[in-house]
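Following: one structure in structure tokens, then a few remarks.
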There are 2 protein chains.
Amino acid sequence: MYKIIQVDGGICASEGFFADGVSAGLKLDGAKDMAFIYSENECEIASVFTTNKMYAAPIKHFKAKGDFKTNFLLINSKNANAMTGQVGVNDIDEIMLACEDKTNPIMSSTGVIGVRLPKQKIIDGIKLFDLTAKDSKNASSAIMTTDTFSKEIALNVTFDDGSSFNIGAMAKGAGMINPAMATMLCFITTDAAVTSSQMQEILDEVTTKTFNAISVDGDTSTNDTVILLSNARSGAYEKDAFRDALFKVMHFLALEMVRDGEGATKLVTYKVSGAKDDREAEIVAKALSDSLLVKTALFGEDPNWGRIASTVGASGVECCEEKLKISFDNLCVYDRGELHFDEEMEKKASIVMTHKKFTISCDLGIGKGEFKAYGCDLGYEYVKINADYRT
Amino acid sequence: MYKIIQVDGGICASEGFFADGVSAGLKLDGAKDMAFIYSENECEIASVFTTNKMYAAPIKHFKAKGDFKTNFLLINSKNANAMTGQVGVNDIDEIMLACEDKTNPIMSSTGVIGVRLPKQKIIDGIKLFDLTAKDSKNASSAIMTTDTFSKEIALNVTFDDGSSFNIGAMAKGAGMINPAMATMLCFITTDAAVTSSQMQEILDEVTTKTFNAISVDGDTSTNDTVILLSNARSGAYEKDAFRDALFKVMHFLALEMVRDGEGATKLVTYKVSGAKDDREAEIVAKALSDSLLVKTALFGEDPNWGRIASTVGASGVECCEEKLKISFDNLCVYDRGELHFDEEMEKKASIVMTHKKFTISCDLGIGKGEFKAYGCDLGYEYVKINADYRT
């Protein structure tokens, strides 16, 4: 058995990890725009990247290395180094020369697409790094773009025999509603004694239920990245405990991203059950959280269950109106062909929709497939941010 | 050879067809809300319906009839008769009793989902119809929902030997940006001597390049309908001429829908070429016209070609940044890996984006696949209309 508790320190909570953020002049307002994660020991690596075929230079650079260990990760905001071709990869190589005492240093970027990195500013920024700093707050602020708050968490897992390990993490972005910057980045450290292949298997599994439950929409970024580093310093590891803690870390950060969605005022869970299989449940849940109809109805606090039914029907999965059940929290608004949505029920449903958090459930009544997705509303603020972002 | 000219009369331009619109009290402001199309002769029918699995009662009612001819089509706005189960179909059967002197009368509906038809109002409305009226303007107004203008057109096709036929049509809705009402309806009459199966083949082909080039997004309606009626009164027909004229009619109405998209200020053509095949070109063109990133950039008149590249890459088709070319009208902003988007070019591109109509071209540089899709921008007005629509 094991106990999981939340601890301070974010990305630096794992033993032997250091991090900080500095201002290198990439953001014009002088805000922090470069961060590092450094480990005294070399780290095993697991990673998940965007499925976008125009994936950015830092991802090309990473993938070209094959299997490797690292002790240094450099991150910049404001410029995504995407659509920059081989030149963009060469720029990273040059920047990495400024980190030449590190083992296989790697880089991650987020920001505008199609502009070359300001190489000299970044090289000068690296000189500002203090590798003995453990300032996870600075680091998590430096990777922000349109985020309105920084996102970090750390957990400690202690076993009955007293041994323990830590997982720390930070993220930026960019839930379902935030395609402007498009990018979500997440960096996770652990001192658990876990190998690269063990981590990769668990990371893939957990990503499906966390970041992929919020971020897969039509606007998948060129830069989406999750990197998990382990330096094994604690000597402790157990698979179920690690999976459990990693899920909690990534679930928390995924919901933080939705909560910070551009202009979002509500966090909605789409709970789909009774689908033919889990895959069809996932298709429906994501269709609901992606739908402009549904998002704008949420913003207007309009309990328009017809739009939900229509979106389910349009998603292409096996379904029919005689088996569908739709609920807003515990209030069933449509029950397998029964039209019982009168004025009183509309009032009750409207009240549910005024809440900051609620659940929309759809039971398709076909099989045992289940999936939960997370989304938010779409209002004027979203249009404002995205119409004006680049210029 | 043949000559095509535009003529007056809309849906009534085809010989032997009558139409009108009346106010039956479904719309609370007294606006027209019921229309009919009547033909002295029985008509051959071709049709295309929504792929939404929650398709509405009028579509169930139509499909249940199998092969048939008709001389009467009843249309109401304000209530979609969707998600109303068998009760909704029975309601249509009862209403059709009030048209019992007609041959296989059929019905089409658009409006709110999940509310039963106000049956008595509709039956009373039928009594107001004047079957000798040829008022296509009234008819096309009566089928409007959030449309800001009615949409109709008629063409005459004359052959060298002096024989001729007409095609008339009206539509409502609901381009890519208008999922609130979700529905697009289009009714087409012709006096060409064409059979049901001949019409169906051509209608399917033309729909792909017109209504399906604007309307297939995540929010496919429960009620989308295209019905084409032929009474063969002219005695004239030739396949190429008919296809040509039908394309012109449907293309015009499709673009009218986009132009009338809720809150839309721009009509953008997405011209995709160089894809592996036509299907992949279609996927990219529709991904671009569906993308919130792209739509909001259009609204902001921001020539953010990076969002376009990212959307192409995220669409899943074969592509790579070294072969991609992006142009705004004739201005190439990204050329197969060359970053030449400087301030001067940004100014030029911004000027293109201030136009009411322009073309965004993407050449994937892979093969010979081509497709054109049509879309518009997304601004504050869209949110306003959709957040407040139902209540």
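Each value in this text was obtained by applying a stated rule to the coordinates, not by laboratory testing. Computed from a predicted structure; not experimentally measured. Neighbour counts run over all protein chains shown; Cβ positions are idealised from the backbone, glycine included.
Below are the figures for this structure:
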| read-out | value |
| --- | --- |
| Share antiparallel - DSSP beta bridges, the protein assembly as shown, percent rounded to 5 | 75 |
| Where labels lie 7 Å past Cα in the beta-carbon direction, separation of B:PHE68 and B:LYS276 in nm | 4.4 |
| Relative contact order %, region B:47-174, counting alpha carbon pairs below 8 Å whose residues are six or more apart | 22 |
| Computed label-point distance, nm, for sites A:ASP342 and A:THR51 using a 7 Å Cα→Cβ extension | 4.6 |
| Per DSSP, loop trypsin sites (Lys or Arg not before Pro) in region A:206-285 with at most 16 further Cβ within 10 Å | A:LYS276 |
| For a label point 7 Å along the Cα-to-beta-carbon line of B:LEU331, residues of region B:343-366 with backbone N under 15 Å | B:343-361 |
| Stretchable slack from B:PHE149 to B:MET1, in nm (0.36 nm times residue separation minus alpha-carbon distance) | 49.8 nm |
| Test item: Cα-centred dipole of region B:2-259, Lys/Arg +1 and Asp/Glu -1 on Cβ, debye | 680 |
| Calculated label separations, A:LYS239, copies of the chain, 7 Å along the beta-carbon direction, nm | 6.3 |
| GNM flexibility winner over chain B from B:THR210, B:THR84, B:THR145 (Cα, springs under 10 Å) | B:THR84 |
| Sparse-neighbourhood loop sites, trypsin sites (Lys or Arg not before Pro) in region A:63-97 - DSSP loop, at most 12 other Cβ within 10 angstrom | A:LYS65 |
| Angle between chain B longest axis and helix B:85-97 axis [Cα atoms, degrees, rounded to 10] | 50 |
| In Hz, Karplus ³J(HN,Hα) per residue of region A:147-162 (6.51, -1.76, 1.60; θ = phi - 60°; x = Gly, Pro) | 3, 9, 8, 7, 10, 8, 6, 8, 10, 10, 10, 10, 8, 4, 7, x |
| Share, in percent, of DSSP beta bridges within region B:114-254 that are antiparallel, nearest 5 | 70 |
| Over 32 Å (Cα to Cα) - which of A:LYS60/A:LYS121; B:LYS137/B:LYS356; B:LYS3/B:LYS209; A:LYS248/B:LYS295 fall in this group | A:LYS248/B:LYS295 |
| Farthest positive-ward along the protein assembly as shown dipole, Cα basis, beta-carbon charges - from A:VAL226, A:ALA281, A:LEU203 | A:VAL226 |
| Over chain A, volume per residue of the alpha carbon convex hull, in Å³ | 135 |
| Alpha-carbon gyration tensor eigenvalues x 5, square-rooted, for the protein assembly as shown, Å | 54, 30, 20 |
| Convex hull per residue volume in Å³, alpha carbons only, for region B:180-283 | 122 |
| Rough spin-label spacing in nm, given labels placed 7 Å along Cα→Cβ, for B:GLU40 and A:GLU370 | 6.6 |
| Segment B:ASP29-B:THR208, length gained on full extension (0.36 nm per residue, minus Cα span) | 60.8 nm |
| Beta bridges per DSSP with both ends in chain A, % antiparallel, nearest 5 | 75 |
| Label point 7 Å beyond Cα along the C-beta direction, distances from B:ARG116 to other copies (nm, shortest first) | 7.1 |
| Angle in degrees between helix A:305-314 and the longest Cα principal axis of chain A, rounded to the nearest 10 | 70 |
| Range in chain B, longest, excluding exposed GluC sites (Glu not before Pro) [loop by DSSP; at most 13 other beta-carbon atoms within 10 Å] | B:101-321 |
| Taking the convex hull of Cα positions in region A:267-388, its mean projected area over all directions (nm²) | 7.1 |
| Region A:82-159: chymotrypsin sites (Phe, Trp or Tyr not before Pro) in DSSP coil with no more than 11 other Cβ atoms inside 10 Å | A:PHE149 |
| Rounded tilt (10° steps) of A:343-353 against the dominant C-alpha axis of chain A | 10 |
